[in-house]
Amino acid sequence: MSIQPIRIAMLGCGTVGTGVVHLLTNQAREIEARIGCPTQIVGIGVRNPDSERDPLVNSSLLTTDIQGLTLRDDVDLVVEVMGGTDTAFTAIESALKHNKHVVTANKALLAARGSELIEEAEARGLDLMFEAS
(Lines give C-alpha, C1' and ligand atoms only; values in the text may rest on other atoms or scores of the structure.)
Protein backbone atom coordinates (compact mmCIF):
# COMPACT_ATOMS: atom_id res chain seq x y z
CA MET A 1 0.00 0.00 0.00
CA SER A 2 1.60 3.26 -1.10
CA ILE A 3 1.25 6.46 0.87
CA GLN A 4 -0.27 9.33 -1.09
CA PRO A 5 1.90 12.44 -1.36
CA ILE A 6 0.91 15.90 -0.23
CA ARG A 7 0.30 17.60 -3.56
CA ILE A 8 1.54 21.18 -3.64
CA ALA A 9 0.62 24.12 -5.85
CA MET A 10 3.16 26.91 -5.66
CA LEU A 11 2.14 30.47 -6.38
CA GLY A 12 5.30 32.27 -7.42
CA CYS A 13 8.68 31.00 -8.48
CA GLY A 14 11.11 33.86 -8.10
CA THR A 15 13.95 33.77 -5.60
CA VAL A 16 11.86 32.51 -2.69
CA GLY A 17 9.81 30.08 -4.76
CA THR A 18 12.92 28.63 -6.34
CA GLY A 19 14.33 28.18 -2.85
CA VAL A 20 11.19 26.27 -1.86
CA VAL A 21 11.56 24.03 -4.93
CA HIS A 22 15.17 23.37 -3.90
CA LEU A 23 14.16 22.50 -0.33
CA LEU A 24 11.33 20.20 -1.39
CA THR A 25 13.59 18.47 -3.91
CA ASN A 26 16.90 18.30 -2.09
CA GLN A 27 15.44 17.48 1.32
CA ALA A 28 12.63 15.21 0.11
CA ARG A 29 13.69 12.24 2.25
CA GLU A 30 14.05 14.32 5.41
CA ILE A 31 10.68 15.99 4.85
CA GLU A 32 8.99 12.66 4.20
CA ALA A 33 10.50 11.22 7.38
CA ARG A 34 9.16 14.17 9.38
CA ILE A 35 5.64 14.27 7.98
CA GLY A 36 5.11 10.61 7.15
CA CYS A 37 4.47 10.99 3.42
CA PRO A 38 6.18 12.36 0.34
CA THR A 39 5.51 15.77 -1.18
CA GLN A 40 4.92 16.48 -4.83
CA ILE A 41 4.78 19.82 -6.62
CA VAL A 42 1.89 19.54 -9.09
CA GLY A 43 1.76 23.10 -10.41
CA ILE A 44 3.59 26.41 -10.24
CA GLY A 45 1.78 29.67 -10.92
CA VAL A 46 3.97 32.38 -12.42
CA ARG A 47 3.51 35.71 -14.15
CA ASN A 48 5.79 34.84 -17.06
CA PRO A 49 6.42 31.18 -17.87
CA ASP A 50 9.09 32.18 -20.40
CA SER A 51 11.38 33.76 -17.79
CA GLU A 52 14.71 32.06 -17.31
CA ARG A 53 14.53 29.67 -14.35
CA ASP A 54 16.71 27.40 -12.30
CA PRO A 55 17.08 24.01 -14.03
CA LEU A 56 15.55 22.31 -10.97
CA VAL A 57 12.21 24.01 -11.71
CA ASN A 58 10.17 21.71 -13.95
CA SER A 59 8.94 24.01 -16.73
CA SER A 60 6.06 21.63 -17.56
CA LEU A 61 4.49 22.59 -14.19
CA LEU A 62 4.42 26.33 -14.96
CA THR A 63 1.13 28.13 -15.59
CA THR A 64 -0.12 31.68 -15.57
CA ASP A 65 -3.50 30.48 -14.27
CA ILE A 66 -2.93 31.27 -10.59
CA GLN A 67 -6.64 31.04 -9.78
CA GLY A 68 -6.96 27.73 -11.59
CA LEU A 69 -4.25 26.18 -9.42
CA THR A 70 -6.26 26.94 -6.30
CA LEU A 71 -9.28 25.10 -7.73
CA ARG A 72 -7.58 21.89 -8.84
CA ASP A 73 -8.71 18.65 -7.24
CA ASP A 74 -5.15 17.33 -7.25
CA VAL A 75 -3.90 20.07 -4.89
CA ASP A 76 -3.81 19.61 -1.12
CA LEU A 77 -1.59 22.54 -0.14
CA VAL A 78 -1.01 25.96 -1.68
CA VAL A 79 2.34 27.66 -1.05
CA GLU A 80 2.12 31.39 -1.81
CA VAL A 81 5.45 33.11 -2.37
CA MET A 82 4.55 35.54 -5.14
CA GLY A 83 4.26 38.64 -2.98
CA GLY A 84 1.95 41.58 -3.41
CA THR A 85 -1.43 41.83 -1.77
CA ASP A 86 -4.34 41.86 -4.22
CA THR A 87 -3.64 38.81 -6.38
CA ALA A 88 -2.18 36.94 -3.41
CA PHE A 89 -5.25 37.64 -1.27
CA THR A 90 -7.62 36.48 -4.01
CA ALA A 91 -5.58 33.31 -4.58
CA ILE A 92 -5.27 32.40 -0.90
CA GLU A 93 -8.92 33.14 -0.24
CA SER A 94 -9.87 30.91 -3.18
CA ALA A 95 -7.57 28.13 -1.96
CA LEU A 96 -9.16 28.23 1.48
CA LYS A 97 -12.68 28.30 0.08
CA HIS A 98 -11.78 25.20 -1.92
CA ASN A 99 -10.48 23.41 1.18
CA LYS A 100 -6.76 23.74 0.54
CA HIS A 101 -4.29 24.29 3.35
CA VAL A 102 -2.07 27.34 2.76
CA VAL A 103 1.48 28.40 3.62
CA THR A 104 2.54 31.97 2.84
CA ALA A 105 5.61 34.11 3.32
CA ASN A 106 3.73 37.30 2.48
CA LYS A 107 4.22 39.79 5.31
CA ALA A 108 2.46 42.66 3.54
CA LEU A 109 -0.63 40.57 2.88
CA LEU A 110 -0.78 39.25 6.43
CA ALA A 111 -0.44 42.75 7.84
CA ALA A 112 -3.17 44.13 5.59
CA ARG A 113 -5.70 41.28 5.45
CA GLY A 114 -4.37 38.41 7.51
CA SER A 115 -7.27 38.45 9.96
CA GLU A 116 -9.74 37.77 7.13
CA LEU A 117 -7.71 34.83 5.89
CA ILE A 118 -7.19 33.42 9.38
CA GLU A 119 -10.93 33.65 10.00
CA GLU A 120 -11.67 31.81 6.75
CA ALA A 121 -9.14 29.07 7.53
CA GLU A 122 -10.46 28.60 11.06
CA ALA A 123 -14.07 28.43 9.85
CA ARG A 124 -13.11 25.60 7.51
CA GLY A 125 -10.75 23.77 9.86
CA LEU A 126 -7.76 24.43 7.59
CA ASP A 127 -4.19 25.40 8.30
CA LEU A 128 -3.01 28.86 7.27
CA MET A 129 0.65 28.86 8.14
CA PHE A 130 2.92 31.85 7.71
CA GLU A 131 6.42 30.61 8.29
CA ALA A 132 9.07 33.14 7.32
CA SER A 133 6.61 35.99 7.76
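Cα centroids of segment 97-133 and segment 40-78: how far apart, whole angstrom?
So the separation of the two Cα centres works out to 20 Å.
Using a 1.4 Å probe over the heavy atoms of the protein chains, calculate the carbon and sulfur portion of the accessible area of the chain as a whole percent.
Answer for the chain is 49 percent, counting heavy atoms of protein chains only.
Ranked by accessible surface with a 1.4 Å probe, highest first, in what order do Arg124, Arg29 come?
Solvent-accessible surface, decreasing: Arg29, Arg124.
How much net charge surrounds Cys13 when only the other residues with a Cβ under 15 Å from the Cβ of Cys13 are counted, with Lys and Arg +1 and Asp and Glu -1?
Summing Lys/Arg as +1 and Asp/Glu as -1 gives -3.
With the dipole of the chain worked out from charges on the C-beta (+1 for Lys and Arg, -1 for Asp and Glu) around the Cα centre, which of Ser2, Met129, Ile92 lies farthest toward the positive end?
Ser2
Quick one: dipole size for segment 24-133, taken about the Cα centre, charges +1 on Lys/Arg Cβ and -1 on Asp/Glu Cβ, in debye to the nearest 20.
Computed charge dipole of segment 24-133: roughly 80 debye.
If all Cα-Cα distances of segment 11-74 are sorted into 5 Å bins from 0 onward, what percent lands in each bin, rounded to whole numbers?
Final binned percentages: 4, 17, 26, 22, 18, 10, 3, 0.
Let me have the relative contact order for the chain, percent, based on Cα pairs under 8 Å that are six or more residues apart.
That works out to 24 percent.
Which residues does a label at Thr25 reach in segment 50-75, if reach means a backbone N under 20 Å from a point 7 Å past the Cα toward the Cβ?
50-64
By how many nm would the segment from Glu32 to Ala108 lengthen if fully extended, with 0.36 nm per residue of separation less the alpha-carbon distance?
Contour length minus Cα-Cα distance gives 24.3 nm.
If Lys and Arg each add +1 and Asp and Glu each add -1, what is the summed charge of the other residues whose beta carbon sits under 9 Å from the beta carbon of Val102?
It works out to a net charge of -1.
Calculate the translational D of the chain in whole µm² s⁻¹ from Stokes-Einstein, where the hydrodynamic radius comes from the Kirkwood formula applied to all Cα pairs, the temperature is 37 °C and the viscosity 0.692 mPa s.
The estimated diffusion coefficient comes to 220 µm²/s.
Taking all pairs of different Cα atoms in segment 1-46, averaging 1/r and flipping that mean, what Kirkwood radius in angstroms comes out?
Hydrodynamic radius (Kirkwood, Cα pairs) of segment 1-46 is 11.1 Å.
Give the calculated FRET efficiency between Ile118 and Asp86 to the nearest 0.05, with a Förster radius of 25 Å applied to their Cβ-Cβ distance.
That gives a FRET efficiency of 0.85.
Given the -39500 (n - 2.57) contribution per DSSP H run of 4+ residues, what per-residue ellipticity at 222 nm results for the chain, rounded to the nearest 500 deg cm²/dmol?
The helix-only estimate for the chain comes to -13000 deg cm²/dmol at 222 nm.
The values are calculated or read from the model by the stated rules, or taken from the named source; none is laboratory data. Quick caveat: nothing in here was measured; it's all calculated off a predicted structure. Counting neighbours? That spans all protein chains shown, and the Cβs are built from the backbone with ideal geometry, glycine included. Only protein heavy atoms, including side chains, enter the accessible area calculation; ligands, DNA and RNA are left aside. Shrake-Rupley method; radii C 1.70, N 1.55, O 1.52, S 1.80 Å.
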